[in-house]
């Protein structure tokens, strides 16, 4: 009979480090996790360089960056560091006392390292039921208040503050952003990530992987994230979620019920998650359960811009956009990213009439 070893720790790393972790198969294992930043990752590497056991590096971009580093301090003592934007540390030891001692040593090492906590979000991926989150800090600069008000209306700052207060004071719930494509739903979410980084942690779940809501690893994954960010609201963003939220039929599957349970059920109250969905369809096409009072905590409608507002937005953003006399409404995307299409004459082939 074959015994499969499975360890509730990132060091398992989908089987790539199972051989190292086998030392704990019949022995105690105690884990401590904490977050750091890029400077902290470098500082730990300088201190533990002589104990470096394995690295996993990313060469997809122009630079080769280290994603994972494993330091082996003793036969059954490890420090696992994730860099490349994730920037967290996992200590694994044979006893709570030894884990605590290693934590104090690393804290002393990091004590003189200034912590730079850049706003970021995490991209969730679902691989055969195993959920993981990769941090992304490539966010644009924060837009000024005047620009946000031009793009989204004079009450947008109050709406963002209301979102903050409601999600901090109450666990669970939905926020719904609806409107035509190009009206700025994603851009507003990005600005919320920047402005609410002190109180909220944002996670983006691609709609193609929304079955993560029904994954067997869903609850353990969010328990780990809650332990890492116990003082902040966890927000899951699902963009273009039209097909997930439409009226249910007998064959509608398990994703929508799972989402509803996360937002307003007992599981959601335990996991302390809030869900933001953006849609392009009309509200009357959604399942009525989504719009139930108490479940839908926040809603924002996005509309096309009138010519006057569009010109103000373009002027503020130094955009080269120009109004079209054939249109009386414009999307925010076309105003901020004007596309100039050259007029071309049809080519004539010699010997043939046009």
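How would you rank 53, 277, going from fewest to most other Cβ atoms within 10 Å of each one's own Cβ? Please list the in-between numbers first.
Details: 53 15, 277 25.
Fewest-to-most ranking of 53, 277: 53, 277.
Normalised by residue count, the chain yields a Cα convex hull volume of 250 Å³ per residue.
Per residue, the convex hull spanned by the Cα atoms of the range 191-231 measures out at 69 cubic angstrom.
Using Cα-Cα distances under 8 Å and only pairs 6 or more residues apart, what relative contact order does the range 10-110 have, in percent? Please report the intermediate quantities before stating the final value.
Values: 154 pairs, mean separation 31.2, N = 101.
In percent, rounded to a whole number, it is 31.
What are the semi-axes of the equivalent ellipsoid for the range 10-110, taken as the square roots of 5 times the Cα gyration tensor eigenvalues, largest first, in whole Å? Before the final figure, lay out each step's value.
Details: eigenvalues 97, 58, 22 Å².
Its equivalent ellipsoid spans semi-axes of 22, 17, 11 Å.
With Cα atoms as the point set, the radius of gyration and Dmax of the range 121-301 evaluate to 15.6, 48 Å. Legend: calculated FRET efficiency, residue 139 to residue 248, from the Cβ-Cβ distance at R0 = 35 Å, rounded to 0.05, equals 0.50. Going from the residue with the fewest nearby Cβ atoms within 10 Å to the one with the most, 281, 151 rank 281, 151. Taking 0.36 nm per residue of separation and subtracting the current Cα-Cα distance, fully stretching the chain between residue 147 and residue 34 would add 37.0 nm.
Counting each DSSP H run of 4 or more residues in the chain as -39500 (n - 2.57), what helix-only mean residue ellipticity at 222 nm follows after dividing by all residues, to the nearest 500 deg cm²/dmol?
So the calculated ellipticity at 222 nm is -8500 deg cm²/dmol.
Report, in degrees rounded to the nearest 10, the 0 to 90 angle that the Cα long axis of helix 38-48 makes with the longest principal axis of the chain. Roughly 20 degrees, rounded to the nearest 10. Could you give the angle, 0 to 90 degrees to the nearest 10, between helix 185-195's Cα long axis and the longest principal axis of the Cα atoms of the chain? Approximately 50 degrees, to the nearest 10. The mean sequence distance of close C-alpha pairs (under 8 Å, at least 6 residues apart), as a share of the length of the chain, puts its relative contact order at 15 percent.
Counting only alpha carbon atoms, the long axis of helix 255-264 and the longest principal axis of the chain meet at about 80°. Of the residues 145, 137, the one with the fewest other Cβ atoms within 10 Å heads the list, and the complete ranking is 145, 137.
Can you tell me what the convex hull of the Cα atoms of the range 98-178 projects to on average, as an area in nm²?
Mean projected area for the range 98-178: 10.3 nm², to one decimal.
Quick note: the coordinates plus some simple rules give every number you see, no bench work behind them. Because the structure is a prediction, the values reported are computed rather than measured. All Cβ positions, even for glycine, are placed from backbone atoms using ideal geometry, and neighbour counts span all protein chains on display.
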